[in-house]
Each structure stands twice: as structure tokens, then as C-alpha cells.
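Chemist: Next up is a structure, given as C-alpha cells.
The values are calculated or read from the model by the stated rules, or taken from the named source; none is laboratory data. Being a predicted model, the structure only gives us computed values, none of them experimental. In this analysis, Cβ positions are derived from the backbone assuming ideal geometry, glycine residues included, and neighbour counts consider all displayed protein chains. Just so you know, the surface numbers come from the protein's heavy atoms only, side chains and all, with ligands and any DNA or RNA stripped out. Shrake-Rupley method; radii C 1.70, N 1.55, O 1.52, S 1.80 Å.
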Amino acid sequence: LITCLFALYPHSSSAFQGTGRGDSLISRHVALRLQYDPTLAYSIGVQPADDMHLPDRSVSVLQRFREQEDELLAALKATPLPADGQAEPEYLALREELESRQALRVCHAEYWDVNHMLGWQVELPALAATLPAETEKERLRLLKLWGSLPEYLSSDMDNLRAGLAQGYSVPQSVVRRVLRQIDSLLALPIEKSPFFAPALRTHDGTFAVSLRAEIEGQIMPAIRRYSEFLRREYLQRARESLGLSALK
């Protein structure tokens, strides 16, 4: 819904203004989401931040993010509706977004986020294929983004370990599919790696050298550590049942 909300924001009426600065609650929501995950800028069509990075999945940061969402939802519920009681579309869209995200927390998705359809090993290569690298600023932004990948995967492994300790996991069949996908990534030469694709779209040799060094020195080792974690530590402790009924 974030794309929908961002599209609606410019058309919000003055009755749906949330702060003394004139920023709407939709604008605050979009800013919060972009602060947590700056890569959303590429999908919703706004100017990306120079300090580009993957979201921090650590428990403390995720908890603070959720607290801020709750504060925003409380402010939304306190917003007076028009005299006729008819809520505006953007009010309803934002409320649905925030209430849905709040309700889904009971699933503790961060504790069993291994996914062969929407996992990082699928989404990040797809993102790499579209990242702009025409200007020096865009290339620096891209290097910062990939520089955050090792910490992103490390936090993911911490969350998955915590999930195992509390009885959360995905089916072993899913783990094996993800491992095959990761193995395919690791088997590619650097020139064929999706992470190197932006360098092939530019004529900046210095950038290509820097990106290659980032992939060889940081990204590939981090992916190998994640792969070994799944293979040696996670797989045998993952659930055999396919049904969600296996989770508490």
C-alpha cells in the first residue's frame, strides 16, 4: 500500500493534516518507511537517500520501528473525521496499512524469514538489475547499499537462530530450495553476478573495480556464511511439516 499512499498524498485535503508543520500523516508514514528501508525509494519513484542501505533487521531497531508505527496509528485514530462521518480514501488506506502491519506481528515473520519466492536471494538480484548507476552519486549510493549486505545477512541469521529457539522455522523443503538458489548465485563468475550488473551499464572503470572488490571481499563471503548457516545449522532443525499449524 505504500505506493498507493504516496500517490494519494498530494491530493489529501487540509482536514487530513497531522502536524503543525503541515505534513500529512501519510507523509510521515512514507518518511518512516523510507528511513527504515531506503531501497523503497527505487520502487515508489522518489529521490533515494545518499546514505543508502538495506534495512536494519536487528531486534532493537525493528522494535523501535514498530513503536513509531503504533504512534502514527494512534495519531491517525485521533484525527477528527469530517462532519458527515465519511472518511477520506487516504485515511482508510493508511489505517488499513498500519492496522494490518500491526496485526501481522503475531506471526513473528522475522523469526522464520526463509523464502524461495520473496527472499533476499530473489529480491536483491532483481533490484540490482534496475539500480541506476549513470551518475557518480548514483554509483556511490549503490556501493553503500551493497556494503550493508553483510550486516543485513548477519542480522537475519541472528533472527533465525532466535526463531529456532522459540519454535519458529520454515519447512525443510523450503530451506533446500533457498540453498539451491544461493548456490546458483555463488557459482556465477563476478562478471555474470547480478550484483555486478550495474557496472556493465556504465563506462566507469574505477566504479567497476570498486564494485568487483565489494562483491569479492564482502558480498560473496557474507552469502557463503549465510549458506553455511542454512546448511549446517538451520536445515536439520527446520520443521518437516508444510502446514503453518506446526507453528505455535
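Chemist: When ligands, DNA and RNA are left out and all protein chains stay put, how many square angstrom of accessible area per residue does the chain have with a 1.4 Å probe?
Modeler: 52 Å²
Chemist: Let me ask something else. Using the Karplus equation 6.51 cos²θ - 1.76 cosθ + 1.60 (θ = phi - 60°), what ³J(HN,Hα) coupling, rounded to whole Hz, does each residue of the stretch 142-149 give in order, writing x for Gly and Pro?
Modeler: Each residue's phi maps through the Karplus curve to give 5, 5, 5, 4, 5, x, 8, 4 Hz.
Chemist: Shifting gears a bit: So, R0 is 22 Å and r is the distance between the beta-carbons of residue 192 and residue 126; what FRET efficiency does that work out to, to 0.05?
Modeler: 0.90
Chemist: Out of residues 5 or more away from residue 24 or on other chains, whose amide H comes under 5 Å of its own, with H placed 1.01 Å from N in the peptide plane?
Modeler: 18
Chemist: Tell me the Kirkwood hydrodynamic radius of the stretch 124-164 in angstroms, computed as one over the mean inverse distance between distinct C-alpha pairs.
Modeler: One over the average 1/r among Cα pairs gives 11.7 Å for the stretch 124-164.
Chemist: Go through the stretch 155-165 residue by residue and turn each phi into a ³J(HN,Hα) via Karplus (6.51, -1.76, 1.60, θ = phi - 60°); whole Hz please, and just put x for glycine and proline.
Modeler: Once θ is set to phi - 60°, the couplings for the stretch 155-165 become 5, 4, 5, 4, 5, 5, 4, 4, x, 4, 5 Hz.
Chemist: What's the FRET efficiency of residue 173 with residue 32 using the Cβ-Cβ distance as r and R₀ = 41 Å, to the nearest 0.05?
Modeler: Values: r = 36 Å, r/R0 = 0.88.
E between residue 173 and residue 32, to the nearest 0.05, is 0.70.
Chemist: Figure the gain on full extension for residue 248 and residue 200 (residue separation times 0.36 nm, minus the Cα-Cα span) and round it to one decimal in nm.
Modeler: Result: 12.6 nm gained on full extension.
Chemist: What list of ³J(HN,Hα) couplings, whole Hz, do you get for the stretch 94-105 from phi and the Karplus terms 6.51, -1.76, 1.60, once you set θ to phi - 60° and write x for glycine and proline?
Modeler: Rounded to whole hertz, the list is 5, 5, 4, 4, 5, 5, 5, 5, 5, 5, 6, 4.
Chemist: Return a whole-number percent for the relative contact order of the chain, with Cα pairs under 8 Å and 6 or more residues apart as the contact set.
Modeler: With pairs under 8 Å counted, the relative contact order is 21 percent.
Chemist: Show me the three semi-axes of the equivalent ellipsoid for the stretch 139-248, from the C-alpha gyration tensor (sqrt of 5 times each eigenvalue), largest first, rounded to whole Å.
Modeler: Details: eigenvalues 218, 39, 23 Å².
Those come to 33, 14, 11 Å.
Chemist: Treat the chain as a sphere of radius equal to its Kirkwood radius over Cα pairs and apply Stokes-Einstein at 10 °C in a medium of 1.306 mPa s; give the translational diffusion coefficient in µm²/s, rounded to a whole number.
Modeler: The estimated diffusion coefficient comes to 79 µm²/s.
Chemist: Can you tell me the mean projection area, over all orientations, of the convex hull of the stretch 43-152's alpha carbons? Units nm², please.
Modeler: 9.3 nm²
Chemist: While we're on this one: In debye to the nearest 20, how big a dipole does the stretch 162-239 give about its Cα centre with +1 on each Lys and Arg Cβ and -1 on each Asp and Glu Cβ?
Modeler: 460 debye
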